[in-house]
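Every number in this text was worked out from the coordinates using simple rules, so none of it is lab data. No experiment lies behind these values; they were computed from the predicted model shown. So basically every Cβ, Gly included, is an ideal-geometry build from the backbone, and we count neighbours across all protein chains shown.
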Amino acid sequence: MAVIINDTCINCGACIDECPTEAILDEDDNPTGEDIYFVQAEKCVECVGHHDEPACATACPTEGCITWDAIGASPEHREDITDEQRANHEPVVE
């Protein structure tokens, strides 16, 4: 993964339009069955090469909703984010 959307998601849609790689699915397409948006790890690049920080998190009105996660299948990732920040699921934007 790269970033994740947690259960504080209010399904507002702000993040979907901001994602340059179309990595975000709405609650209807969430493969986990949860009623929240979902980030496809294999498509998320943490906005590397697109924005200074993940655009989904800057657009999200819910504080702490989008957090760092393990790199996993992500084709690109930010080198300045520590393993500890990812393991602790720290918010992308505070």
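Taking θ as phi - 60° and the Karplus parameters 6.51, -1.76 and 1.60, the scalar couplings of the range 78-83 work out to 7, 6, 8, 9, 7, 4 Hz in sequence order, x denoting glycine and proline. For the pair GLU22 and ALA70, label points projected 7 Å from Cα toward Cβ lie 2.9 nm apart.
Isolated cysteines in the chain, defined as those with no second cysteine Cβ under 4.7 Å, comprise CYS9, CYS12, CYS19, CYS44, CYS47, CYS60, CYS65. Against the set (i) 5.3; (ii) 12.0; (iii) 14.7, the structure's computed mean projected area of the Cα convex hull in nm² falls on (i). Restricting the GluC sites (Glu not before Pro) of the range 9-69 to loop positions (DSSP other than H, G, I, E, B) with no more than 11 neighbouring Cβ atoms within 10 Å leaves GLU22, GLU63.
I need the calculated FRET efficiency for the pair ASP29 and ASP7, taking r as the beta carbon distance and R₀ as 22 Å, to the nearest 0.05. With a Förster radius of 22 Å, E is 0.85. Its Cα centre serving as origin, the chain has a Cβ charge dipole (Lys and Arg +1, Asp and Glu -1) of approximately 120 debye.
Listed values for the range 36-52 are Karplus-derived 3J(HN,Hα) couplings in whole Hz (6.51 cos²θ - 1.76 cosθ + 1.60, θ = phi - 60°), namely 9, 6, 9, 9, 7, 4, 6, 10, 6, 10, 6, 6, 4, x, 10, 9, 6, and x replaces Gly and Pro.
Per-residue 3J(HN,Hα) values for the range 53-68, derived from phi via the Karplus relation 6.51 cos²θ - 1.76 cosθ + 1.60 with θ = phi - 60°, read 8, x, 5, 4, 6, 6, 7, 5, x, 9, 4, x, 6, 10, 10, 6 Hz in sequence order (x marks Gly and Pro). Projecting the Cα positions of ALA57, PRO20, ASN6 onto the charge dipole of the chain (unit charges on Cβ atoms of Lys, Arg, Asp and Glu, taken about the Cα centre) puts PRO20 furthest along the positive direction. Computed over the chain with a Gaussian network model linking Cα atoms closer than 10 Å, the most mobile of PRO54, PRO31, PRO20 is PRO31.
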